[in-house]
Amino acid sequence: MTHRGHLLIALAALALTACGVEPTPEPARPPNFIIVFADDQGYGDLGVFGATDFSTPRIDRMAQEGMRFTDFYAQPVCGPSRTALLTGSYPIRVAEYGNEKNIFPYVHEREILLPRVLQEAGYATGMIGKVDITKRRQGFRPELNPVRRGFDYWFGVVGANDSGEVHWVYRNEERIQESAGVDDLTRRYTDEALAFIRQNRDNPFFLYIAHTMAHVVLGVTEPFKGRSERGLYGDVIEELDATTGEIVDLLVELGLDQDTIVVYTSDNGPWSNHSLPQYTAAIEEHAGSSGPLRGAKGTTWEGGIRVPTVMWGPGSIPAGTVCAEIATNMDLLPTFIGMAGAELPADRVLDGRDIGPLMRGEAEAKSPHEAFYYYRETHLDAVRSGPWKLVFPRPGRDDSEWLLSKSGAFLGELLEPVTELSLYNLEADIGETANVAAQHPEVVERLSALANRAREELGDYDRIGSGVRFFEDGPKWPRRQQWMRP
């Protein structure tokens, strides 16, 4: 509604009051939603999550004025994490073109994405940044452009900084630049985001800012070069922090802070090749930290999939609070749709759950998830319920020559073996160091039953689950992945 519209309503209300008639109160405005989605930012890479060699004062302040989620989960790598967020489903459940199941999902056009539901509910919807749910180089079909998937506006790139497509910059369906550098991407994204907010200040809006930083190859604008003690990576995080602060400042300036929820989170754990000596120098300059967690990007140890998350919304999220309940980026879809007063798709099963009670800090609010499943591609590696995480045996891979033959490969492709069924109490042992399976056979039995339920519903490396979506005729998962690629 425009300012003129609000003025007319106010004048009408005054007239009714003067006549002794109580006016009908104006309906509350649905909240705006902003997701700031960093790329490859580790669990330990915010001040409020323990970072000490660079500064994140703006996001730290958001945590002081809002809520920090300590047990918030994404997926092990970029594309699956974006798929989970936008569909509200585990990526293994989501339909892909050709009935395939890819490392980087090729999300089918018949999948219903979060912006589509909000758009149909009257929201202005905008996306700034990296898509990465289109199989990257091989699959950016016109029908997968964000403006055909529920976004009114898109400015950004198709894939990651090291994939080549970052050089193709799009505005909506037009490729406006063939070769863009990485140094000014965060700045350009921020300017676009600020413009979108200004343009839609009088309407409920959903803005998804999918940064390409801090994924290698890194870049920052001149004011941030050399600012941190962490090298280029720290500089990149400080620019992400400062530009997120600009977004919050604009919301306050426009009087939208009481009507807006901002979620700052990451798509997975930090990039890492530290097992290869050839990458030692690059790691020190270009990679983040998992903090107290084990593992990194590409793994299903906590450091690969648990991400730093802060939620800010002065009108609805209590200040200075911490949530240690299990929540996931899949939950944002049903939560936002519920807050918007819209309806969830009725023709499909979703895995996300409404975490509104957690965000509002309601007394006795608990995680809506009986279990969280750690999938890596089609492999079910582990299951968590409450504080307990059960990790299943699996072979490893340590083929340095194979890894070095791949451009931009990461540590997740050099997997350490798990030789025995392992149980960890994550409240007592956040670093997954002590296997206590022998001491708690009843917990192992309960979590094993939950895992078997997931294998039936969602699948595993050796089976297709009954709940996986397919929208095409023909073979299902025709290029079936083996347990471990050679």
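Taken together, the values in this text are just the output of simple stated rules run on the coordinates, not laboratory data. The structure presented is a predicted model; accordingly, all values stated were derived computationally and were not measured. Note: ideal-geometry Cβ built from the backbone for every residue, glycine included; neighbour counts use all protein chains shown.
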Quiz item: For all pairs of alpha-carbon atoms in the range 108-227, what percent lies in each bin of width 5 Å, listed from the first bin to the last filled one?
Solution: 2, 11, 21, 23, 19, 13, 7, 3, 1, 0
Practice problem: Assuming R0 = 35 Å, can you tell me the calculated FRET efficiency for the pair A363 and R453, based on Cβ-Cβ distance, to the nearest 0.05? | Solution: 0.70
Self-check item: Loop-located chymotrypsin sites (Phe, Trp or Tyr not before Pro) in the range 50-96, at most 14 other Cβ atoms within 10 Å (DSSP)
Solution: none
Self-check item: Percent breakdown of C-alpha pair distances by 20 Å bin, ordered from the shortest bin, for the range 32-359
Solution: 35, 62, 4
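V220: net charge of surrounding residues, Cβ under 11 Å, Lys/Arg +1, Asp/Glu -1, itself excluded? Mind dumping the intermediate values first?
Details: positive: R187, K225, R227; negative: D183, D184, E222, D235, E238, E239.
After counting each charged neighbour, the total is -3.
Too long at a 30 Å Cα-Cα cut-off: which of K130/K389; K225/K389; K366/K476; K130/K476?
Details: K130/K389 32 Å; K225/K389 40 Å; K366/K476 37 Å; K130/K476 28 Å.
Table pairs above 30 Å Cα-Cα are K130/K389; K225/K389; K366/K476.
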Quiz item: Hey, any idea what the orientation-averaged projected area of the convex hull of the range 150-213's Cα atoms comes to, in nm²?
Solution: 4.5 nm²
Exercise. May I ask which residue of N203, P345, A74 lies farthest towards the positive end of the charge dipole of the range 32-359, with charges of +1 (Lys, Arg) and -1 (Asp, Glu) on Cβ and the Cα centre as origin?
Key: P345
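Which length gain, in nm to one decimal place, applies between T70 and R227 when the Cα-Cα distance is subtracted from 0.36 nm times their residue separation? The partial results should precede the final answer.
Values: separation 157, 0.36 × 157 = 56.52 nm, distance 2.76 nm.
Contour length minus Cα-Cα distance gives 53.8 nm.
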Quiz item: Scattering from the C-alpha atoms of the range 188-267 alone, worked out with Debye: what is log10 I(q)/I(0) at q = 0.21, 0.23 1/Å?
Solution: -0.99, -1.11
